[in-house]
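Comments concern the structure below.
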Amino acid sequence: MAHISLVLPFALPAPEFAPDLVRALEAPALASLLSRSSARLRRPLEGAARVLPHELWIARALGLAHGAEPGIAASAMRGFGLDPLDGTWFVVNPGHIQIAHSHLMLTDTRQLGLNDADSRALFDTARACCEEAGHALAYGAPDTWFLRADAWDAIHTASPDAAVGMNLTDWVPTGEQSRAFRKLQNEVQVSWYTDPVNAAREARGLAPVNAIWPWGAASVASEHAQMLVARAAGKLAPRPAVSTYAAPGWLTAMADQRLDTLDGIAGKLAATAESGGRLLACGNVAASAIAADWHGWLQEMQRLERELFAPMLAALKQGRIKSLRLVLSHRDALLDTTTTPMAQRKFWRRPTLDSLK
């Protein structure tokens, strides 16, 4: 029987809206999974982290975190068939920075509508700037590139999903080499300002791509060091196999199972779980939550109830899944619960969604 972990970014509603959203959400299967559990923990995001709770949780589950910073770039590169060699690489997300009333703000990268043709054209322009500055730039997917910067190991970065919608003063890269990054950023911005791709995007009503956002730095050496530290601390658990659905490019790259639909999901996960279990990262509610579109959030959660929670509950009761772990998060915390076939027999526990509040 399989051990399955479901990681659901932003499936935990924001605290200020949680009571109303929980009342409106009709999800009996999710209520059973949450209420009839064998373990439950609500954990705030660590103060030093500049990423979202689920991003740090996934990085640690895969053995790709150093402290409170995910070091995922090298592993993501291999997922795209790229070789990180012996360099230090950053995930780079092309993005749009807009001027708000009193500050700069990063737009959600999901809203850019950046297709492969536009992304590759902008990439070619940016690569020339990067190579002139002594940095290699590699293409992974429309929303996911990689920048080599061996001397930038002292820079502290934030994930784009952590920075989106926030005052960028608090989220831009900091550290000794941050000035070098800002210089490179300016050069790329200038080269893109008159780029015909951006002119065509604006003519179609789309935001221009005017920024690169680096984060998740890693190298083969740092991955090896993290593994040694985990082994010495007795925390080197078998790495779970990864499935993704509606996930960002960096995470999809590390998956051996990339899903376009949730049809037959319980069987797909259970049949392919390995010794370390299987982790499904399902990000379809993220865009609505980031945009504070709570009607859209409810619709996506109701869809998950039908297509994910109900089938997983049925598989659990049938004994096809040995344990099911749910990791639900919002910006500042995550809820981590585990349920089993035995826990689901605790009929005296009334199913409720109160733990989402």
Can you list the helices (runs of 4 or more DSSP H) lying wholly within the stretch 163-252 that have 2 or more residues being more than 30 Å from SER275 (Cα to Cα) and of a type in the set (Val, Ile, Thr)?
178-193
Any residue in the stretch 329-338 that is in contact (Cβ under 8 Å) with a residue 60 or more places away in the chain, over 23 Å from ALA24 (Cβ atoms) and assigned to a strand (DSSP E or B)?
yes
Count of the stretch 336-352 residues which are among the small types (Gly, Ala, Ser) and surrounded by fewer than 20 Cβ atoms within 10 Å (Cβ to Cβ):
0
Suppose the filter is in contact with a Leu (Cβ under 9 Å, 6 or more places away or on another chain), without any contact (Cβ under 8 Å) to a residue 24 or more places away in the chain and either surrounded by 15 or more Cβ atoms within 10 Å (Cβ to Cβ) or among the small types (Gly, Ala, Ser) (or both); does ARG148 pass it?
no
Residues of the stretch 314-335 satisfying the condition of being over 19 Å from ALA289 (Cα atoms) and surrounded by fewer than 23 Cβ atoms within 10 Å (Cβ to Cβ)
ALA314, ALA315, LYS317, GLN318, GLY319, ARG320, LYS322, SER323, ARG325
Would you mind stating whether ARG36 is basic (Lys, Arg), surrounded by 13 or more Cβ atoms within 10 Å (Cβ to Cβ) and farther than 19 Å from LEU279 by Cβ?
yes
Scanning the stretch 27-53 for residues that are touching a Phe, Trp or Tyr at 6+ places or on another chain (Cβ under 8 Å) and either of a type in the set (D, E, K, R) or not in a loop (DSSP other than H, G, I, E, B) (or both) gives ALA29, LEU30, LEU33, ARG50
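Taken together, the values in this text are just the output of simple stated rules run on the coordinates, not laboratory data. Quick caveat, the model's predicted, so the values are computed rather than measured. A quick note on method: Cβ atoms are made from the backbone with ideal geometry, for glycine too, and the neighbour counts reach across all protein chains shown.
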